[in-house]
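What follows is a single structure, written as structure tokens, with notes after it.
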Amino acid sequence: MLQNPYAPMFVLNEIHQRPEWFAKKALKGGIVNTGKLIRQIEAEIKAGRIIPINPIQLIMHMLSLCIFPFIGKPLLVSALEIGEGGFVSLMESRKKEIPKFIIGSILK
């Protein structure tokens, strides 16, 4: 997303303008196979490897952690006084921080 910083706003606009089209193209066998991901999460819960969690909630958590900083970038850069370089640095570090955070929150 750092290479294409306007993509989150574009996607958000598309979701609001054409929600059925976006769901069909992006979420149902397109870009993200949510059905497969939900089944994988359910299997991990059943196997006892992760805590019981609603798979949809987990997916929403992951998406939020990845997308919100780009949507809220103007506010974050200004309020945290980090500048463009600081924002880029934070986003690069999130590539490692988000998986650690998610895994740490769901492991038994």
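Coordinate-derived values only; no laboratory data. The structure presented is a predicted model; accordingly, all values stated were derived computationally and were not measured. A quick note on method: Cβ atoms are made from the backbone with ideal geometry, for glycine too, and the neighbour counts reach across all protein chains shown.
Some observations on this one:
- Global size of region 7-106: 16.0, 45 Å for Rg and Dmax (C-alpha atoms, Rg to one decimal, Dmax whole).
- Crossing angle, helix 34-46 versus the chain [Cα axis fit, 0-90 degrees, rounded to tens]: 60
- Calculated mean residue ellipticity at 222 nm for the chain: -22000 deg cm²/dmol, from DSSP H runs with n ≥ 4 weighted as -39500 (n - 2.57), summed, divided by the residue count and rounded to 500.
- FRET efficiency estimate (nearest 0.05) - Cβ-Cβ, Leu107 to Leu12, R0 22 angstrom: 0.10
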